[in-house]
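The values are calculated or read from the model by the stated rules, or taken from the named source; none is laboratory data. Keep in mind the model is a prediction, meaning the values are calculated, not measured. Positions of Cβ are backbone-derived with ideal geometry, glycine not excepted, and every protein chain shown enters the neighbour counts.
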Amino acid sequence: MLAMPGSSPRSAHQSRTASKVNVARRIFIVSTPDRGPNIQPATAGLAYHTQRDRQLAWLVRFLQAWKAAPAERQQRALTDPWAFRDMAYSVPIGSAYSQRNALLHLAFPDTFESIVSRRHKAAILAAFADQIPERSGDEDRDLLTLRRELERCAGGAISFYRSELERQWRPTAESEVRGWLVRGANVHGRNLVPDWLAGGYCSVVGERRGRR
């Protein structure tokens, strides 16, 4: 049950997302047939991908804790999302918060959001605070209450990452500009930055191949 969401150009991202969801569904259709179809894709940031060893290490610790738990606790965790979360939270986290959030959603997609970022969860709750009937102080429970309230108002399923909702908790989402970091101060011993600024262009070094 390992979620490895990616961040890449849109077409490649969509392809990889579909593949990950299909794998997750096959896993959960075998073990919990009522959950698989509700799994949603998620996108993680740079820290997730550069710390994959820590994400995997946490999963190993979780599996060790699961195997060591009494059968009654395992059974309760398989049927009660909050008992499952208690077990996940009992495992030392290190810095694998994204992996823990991903696992919670994979196990109980109707209860836990497909949000792996703690920062995003906090921002959503802050932006929609006035639409949560009763705050419990529990982030996941409040997100679940918020989702149900927004779906009731919308008359159907909602996503916090669709533009109409995303703009409310992440106003810069649409205007966010991304680009490549190109270093030109020392390209084969030469500083190209003055030439770039003077000429209004940027360049990258390419490998020269001979003709065949």
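Annotations
- Meets criteria (at pLDDT below 85 and surrounded by 14 or more Cβ atoms within 10 Å (Cβ to Cβ)) for GLY179: no
- Picking from residues in the range 67-81 that are within 23 Å of the chain's Cα centre (by Cα) and free of Cβ contacts under 8 Å to residues at least 24 places away in the same chain, the one that is surrounded by the most Cβ atoms within 10 Å (Cβ to Cβ) is ALA77.
- 1 or more residues polar (S, T, N, Q) and within 28 Å of ARG61 (Cβ to Cβ): qualifying helices (runs of 4 or more DSSP H) within the range 72-156: 97-107
- Which numbered condition ALA127 misses (of (1) closer than 23 Å to LEU165 by Cα; (2) over 22 Å from the mean Cα position of the chain (by Cα)): (2)
- The set of residues in the range 133-147 that are surrounded by 12 or more Cβ atoms within 10 Å (Cβ to Cβ) and under 19 Å from PRO81 (Cβ atoms) comprises ASP138, GLU139, ASP140, ARG141, ASP142, LEU143, LEU144, THR145, LEU146, ARG147.
- For ALA3, the conditions (1) modelled with pLDDT of 95 or more; (2) of a type in the set (A, V, I, L, M); (3) within 24 Å of ASP142 (Cβ to Cβ) are fulfilled apart from (1).
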